[in-house]
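Laboratory data are not the source of any read-out in this text; all were calculated from the coordinates shown. All figures in this text were calculated on a predicted structure; none of them were measured in a lab. Every residue, glycine among them, receives a Cβ derived from its backbone with ideal geometry; neighbour counts consider all protein chains shown.
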Amino acid sequence: MAKEQVFFALADFLIPAHGKMPKFSDVCAYADVEKSLDFRIDLKEGFARAIATDPSTGAEAHLEKINKQDGEAFSAITTIAIATYYMNPRVRELIGYPGQENVQYDSKATQIYLTNGSLGHVIARGRKYRPTPGL
Amino acid sequence: MTVEILAQRNARPGRDEEVDVVIVGAGPSGSVAALHLARAGISVVVLEQGEWPDYDDYTGARPEHELVSTKLWHPNPNVRDSPNDYPVDTSTTDINPLMFAGVGGSATLYGAQWMHFLPSDFRVRSMDGVAEDWPFTYEDLLPYQLEIEREVGVSGLSGDPAFPPRGAYPFPALPMGSVGLRGALGMEKMGWHWWPGSNAIPSEKFGELNPCVRRGTCLTGCPEGAKSTTDRSHWPLALKAGARLITRARVKEVETNDQGLATGVVYIDANGRERRQRAKVVILCANGVGTPRLLLMSGGSRNPHGLANSSGMVGKRLMMHPFASVLASYEDPLDSWRGPFGQQVYSLEFYETDESRGFVRGSKWNCMPSGGPVGVSGATGSKVYVAEEGRFQDFWGANLHENVARRFGHSLIWGIVGEDLPEESNQVVLSKDLVDSDGLPAPQIVYKVNENSNRLLQFNIDRCLESVRAAGAIETLVSTPVRESGWHLIGTTVMGGDPKRSVVDQWGACHDVPNLYVMDASTFPTSGATNPTATIMAVALRNTHRMIAERRNQKVA
């Protein structure tokens with residue numbers, strides 16, 4: 001089995017189709033995976049070990065084995081899989097994530113806690129600190 | 001004129017040039033000292049082992065943010081593994097120390113939560129019979145706190161009944177997002193204290209700082225240049241005033257003469273060459289781990305147990321604020337990727353001692369957004385919400401989709417900072433095995449979370465769960481104590497009046513070496529339970545003003 005196929009088999013176990021959400025290989029190409037690895041070259045060795053052998057016993061058993069025997073490889077393949085998936089524009093659209101966006105606001109606008117009485121309750125409950133005169 | 005041009009113009013001192021003051025570290029405290037000393041006409045050189053930040057490297061606005069930041073901008077230097085960092089031996093600690101080397105210091109990766117210590121923090125022995133009182137009071141420090149706020153550009157709302165009356169903040173409080181409003185709702189239902197967050201993030205343009213756009217990536221560097229760090233708030237002014245800053249300069253030793261006075265420092269430059277910077281006064285601002293490490297490396301044959309260490313207290317009493325977090329998810333959307341990240345709301349309901357709770361001192365809570373889908377999945381990267389005995393299948397497959405659907409955009413995090421009482425057994429020592437890239441011994445952290453902290457955290461977690469459930473939480477996840485939480489490095493060169501029990505006096509001057517100063521949080525006798533940067537900068541300003549006023553009486557070599 002080619003390394004790409006090994007990865008997709010493992011990634012689709014980790015991130016299967018569920019409800020409205022697609023499985024990994026439905027939305028992400030291997031080029032996306034390689035791009036993620038270029039952002040995290042520290043993960044390349046572990047990632048390579050994770051897909052070095054065919055998951056002949058099945059994806060779940062293969063991942064279980066990596067998790068127990070080579071935590072670095074498990075961390076590498078899972079980190080790359082989940083990050084690549086949630087960087088995908090289609091996936092972001094499905095979960096309603098615009099990314100870490102720029103939100104404009106009026107710094108002088110009156111905040112709701114000043115008008116609905118909630119902060120007034122805090123003030124009305126009185127002083128919280130312990131004074132220390134003379135100590 | 002840009003900061004970069006100023007930095008180039010202010011050239012390295014000549015080989016044998018003696019300056020008035022050399023400062024080790026260009027973080028919050030070193031930057032304050034450099035600016036005010038330079039403005040007073042004192043010649044200042046600052047040595048910083050890291051570099052100027054490149055804001056293009058901050059990935060917050062890019063899709064790869066969650067992937068890159070867990071390595072490049074991880075607050076643990078052992079994970080980040082940058083050539084500018086030194087490694088830390090964490091084999092003997094419950095909590096990992098977090099820090100960053102660069103102009104702006106560890107604040108590069110802070111949440112910018114801006115909190116004063118409370119009056120009782122300075123009188124812990126008198127009021128609660130534990131630890132020590134500070135040599136000065138809340139009232140003594142307040143003028144410096146307010147002066148620093150104007151330099152930093154803090155946003156907030158005054159009138160909080162948890163503090164004595166104070167003046168207005170320089171800027172209006174940042175908008176409270178849905179996260180903050182939901183956090184406040186829970187506190188309101190319980191009848192507990194809460195207040196809109198105060199942050200070192202101006203809500204309007206201020207000098208080199210841009211207004212916050214609520215991108216929510218404060219902890220991994222602010223790509224907007226809105227979070228106040230001293231590379232933007234202080235260094236442009238310090239360079240104009242004549243301060244000189246040398247980056248990629250790793251100090252290996254403070255030198256002294258036969259009279260026991262400091263004569264300067266030896267450092268390793270960017271090319272690996274050993275250099276000497278002579279100075280009349282040396283100020284250490286290298287944080288609660290780096291400062292004692294440097295003193296312990298500086299003893300020489302005259303001081304085999306470290307410089308300024310006749311008390312034996314250098315490195316001891318390390319406090320790191322044991323930290324717990326509660327993630328709460330709600331049915332309705334909270335847009336919980338939006339900032340400000342640091343604190344939209346804080347609470348000091350359980351800050352003061354109540355002996356009926358079974359522990360002394362207390363806590364500060366801060367309500368934060370929970371971030372992007374990778375982080376809230378709990379599946380990888382941070383192990384914050386993953387039990388050691390957990391099965392990986394619990395976080396993958398259909399569970400991944402369901403966890404993300406439940407939490408992403410629908411959750412908040414309450415961070416619980418507990419006061420850490422000083423214990424001499426919690427300390428920074430030099431590692432016998434681990435060295436940095438220049439072959440200098442790495443610091444080793446010996447630290448146990450004590451029973452008082454464990455009880456304090458559990459009490460506060462229980463109360464926090466009551467609050468979030470009162471506001472309708474459908475899921476809660478608790479982590480305590482969070483191992484990757486040692487942001488606050490405090491207490492390792494304690495200040496006090498007795499040279500046999502303390503390292504520095506109330507002005508930061510070492511008892512043993514009167515022209516050697518410490519101006520970072522190493523000097524704090526106790527830790528309080530609030531984020532310490534405001535107090536670090538205020539104490540540094542107080543010390544610096546005193547140094548300027550007493551310059552003619554300063555004993556020098």
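Overview of values
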read-out	value
Rg in Å to one decimal, and Dmax rounded to a whole Å, for region A:19-135 via C-alpha atoms	25.0, 76
Radius, Kirkwood style, for region B:401-557 when every pair of distinct Cα atoms is counted (Å)	19.2 Å
Semi-axis lengths, Å, region B:1-118, gyration tensor of Cα atoms, sqrt of 5 times eigenvalues	29, 18, 16
Using distinct alpha-carbon pairs, which all enter the 1/r mean, Kirkwood radius of region B:318-471 in Å	17.9 Å
Separation between Cα centres of region B:441-478 and region B:490-518, rounded to whole Å	32 Å
Between region B:266-287 and region A:1-23, the alpha-carbon center distance in angstrom	53 Å
Region B:462-521, dipole about Cα centre (Lys/Arg Cβ +1, Asp/Glu Cβ -1), debye to the nearest 20	100 debye
Sorted by Cβ density within 10 Å, fewest first, the residues B:Trp414, B:Trp235, B:Trp73	B:Trp73, B:Trp235, B:Trp414
Pairwise label distance in nanometres, A:Thr53 with B:Ala270, each label 7 Å out on the Cα-Cβ vector	4.7 nm
Prolate/oblate/rounded label for region B:39-91 (Cα gyration tensor, a/c 1.5)	oblate
Exposure proxy ranking, count of Cβ atoms within 10 Å, fewest first, for B:Asp354, B:Asp16, B:Asp160, A:Asp70	B:Asp16, B:Asp354, A:Asp70, B:Asp160
Cα-only Debye scattering, region B:108-156: base-10 log of I(q)/I(0) at q = 0.13, 0.21 Å⁻¹	-0.41, -0.81
Zero-based 10 Å bins, Cα pair distances in the protein assembly as shown, whole percents	3, 15, 26, 26, 18, 9, 2, 0
Shape parameters for region A:1-44, alpha-carbon atoms, Rg then Dmax in Å	11.3, 34
Rg/Rg_ref, region B:115-196, where Rg_ref = 2.2 N^0.38 Å and atoms are Cα	1.31
Residues B:Val152, B:Val494, sorted so that the one with the fewest Cβ neighbours within 10 Å comes first	B:Val494, B:Val152
Convex hull volume per residue in cubic angstrom - Cα atoms of region B:231-291	113 Å³
Along each principal axis, Cα extent of chain B, largest first, Å	68, 51, 49
Column: log10 I(q)/I(0), Debye, Cα scatterers of region B:484-525, q = 0.31 Å⁻¹	-1.02
Computed [θ] at 222 nm, helices only, for chain B once each DSSP H run of length n ≥ 4 contributes -39500 (n - 2.57)	-7000 deg cm²/dmol
For chain B, size of Cβ-based charge dipole, Lys and Arg +1, Asp and Glu -1, in debye	940 debye
Globularity ratio of region B:56-150, using Cα Rg and 2.2 N^0.38 Å	1.49
